[in-house]
């Protein structure tokens, strides 16, 4: 688990895989020794500004023939993907640096397929075959 200082001078945790760590180590070696605490810096040896990150992302989108994406959209996409794959809202909030899961819920797009699957799984558990309460069985679902 790594830590960075983010927006609002708030410390945030992040996870990174070993392959990415290898590339970061190569980058640090190529950059050489310096006293700059920022991980990513400009050619002028200054911390990258938010606008510089937007510019870099825009340039890569153009280079790859992709539509322009704002950096903040990547947070929304990541959080929705993690949620769809089963990560809890509390864990996503921690990774995004949110103090409240309510903030995180604004980032997560509802997953209709998952909602339907979980709903019908619950309804199946309530069916007469599993409860034996004599209720009329529900209609078959699509």
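The values are calculated or read from the model by the stated rules, or taken from the named source; none is laboratory data. Not measured: the values here are computed from a predicted model. Methodologically, a virtual Cβ is constructed for each residue, glycine included, from the backbone with ideal geometry; neighbour enumeration extends over all protein chains shown.
Taken over the stretch 22-36, the criterion of being surrounded by fewer than 10 Cβ atoms within 10 Å (Cβ to Cβ) and either in contact (Cβ under 8 Å) with a residue 24 or more places away in the chain or in a loop (DSSP other than H, G, I, E, B) (or both) is satisfied by 32, 33, 35. Taken as a whole, the structure leaves residue 138 outside the set of residues that are part of a loop (DSSP other than H, G, I, E, B), touching a strand residue (DSSP E or B) at 6+ places or on another chain (Cβ under 9 Å) and either surrounded by 10 or more Cβ atoms within 10 Å (Cβ to Cβ) or modelled with pLDDT of 85 or more (or both).
Each row is one residue, and each column tells you yes or no for (1) touching a helix residue (DSSP H, G or I) at 6+ places or on another chain (Cβ under 6 Å); (2) exposed (fewer than 10 other Cβ atoms within 10 Å of the Cβ); (3) part of a loop (DSSP other than H, G, I, E, B); (4) touching a residue at least 60 places away in the same chain (Cβ under 8 Å).
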site	(1), (2), (3), (4)
5	no, no, no, no
8	no, yes, no, no
20	no, no, no, no
55	no, no, no, no
59	no, no, no, no
80	no, no, no, no
87	no, no, yes, no
102	no, no, no, no
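The residue that is farthest from the chain's Cα centre (by Cα), counting only those in the stretch 89-99 that are in a helix (DSSP H, G or I) and under 19 Å from residue 11 (Cα atoms), is 90.
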